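What follows is a set of notes on a single structure, which appears directly below.
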Amino acid sequence: MNNVPVVHSSDIEHRRLIAQLANQLIPVIKTVTLTLTSTTTTVTDEQMGEDRTVLLIPTNSNAASENIHLSSKLNGSFVLTHASAGTTRNYDYIIIG
């Protein structure tokens, strides 16, 4: 995440930088469905960064009983590792940090 200087020579550019930073901080709830018959699911999200965190909220009973963990954090994506299954497992997620 970029730091915004306290003082900037251009008021327009300063407001743009502040708005850009604010938009990165506002959590947006998104949805992911785990990949069927696979042990990993890659989620592409431009807000993800190596220094950010993902919160998962199961939204169906199959997801609620899943043993899942965040195995990789990259700029622009993250990877979830889970058991292989033939059932649909849905989660809401937010990226914070």
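Only the coordinates and a few stated rules stand behind these numbers; no lab work does. Source: prediction; values computed, not measured. Here the Cβ is made from the backbone with ideal geometry for all residues, glycine too, and neighbour counts use every protein chain on show.
Counting other beta carbons within 10 Å of each residue's own, what order do 15, 89 fall into, fewest first?
On the way: 15 12, 89 24.
Least to most surrounded, the residues fall as 15, 89.
Using the Karplus equation 6.51 cos²θ - 1.76 cosθ + 1.60 (θ = phi - 60°), what ³J(HN,Hα) coupling, rounded to whole Hz, does each residue of the stretch 10-25 give in order, writing x for Gly and Pro?
Calculated HN-Hα couplings, in order: 10, 4, 5, 5, 4, 5, 4, 5, 5, 4, 4, 5, 4, 5, 6, 8 Hz.
Under a crude label model (7 Å from the Cα following the beta-carbon direction), how far is residue 77 from residue 22 in nanometres?
That separation, rounded to one decimal, is 3.3 nm.
Along the principal axes of its C-alpha atoms, what lengths does the stretch 28-96 span, in descending order and rounded to whole Å?
Here the spans come out as 31, 20, 15 Å, largest first.
To the nearest 500 deg cm²/dmol, what mean residue ellipticity at 222 nm is calculated for the chain from DSSP H runs of n ≥ 4 alone, each contributing -39,500 (n - 2.57), summed and divided by the residues?
On the way: 2 runs with 19 residues, N = 97.
Rounded to the nearest 500, the figure is -5500 deg cm²/dmol.
Under a point spin-label approximation (7 Å from Cα along Cα-to-Cβ), what is the residue 56-residue 40 distance to one decimal in nm?
1.4
Please give, to one decimal in nm, the separation of the simple spin-label points placed at residue 30 and residue 12, each 7 Å out from Cα toward the Cβ.
Output for this residue pair reads 3.1 nm.
Between the alpha-carbon centers of the stretch 22-55 and the stretch 59-96, tell me the distance in whole angstrom.
9
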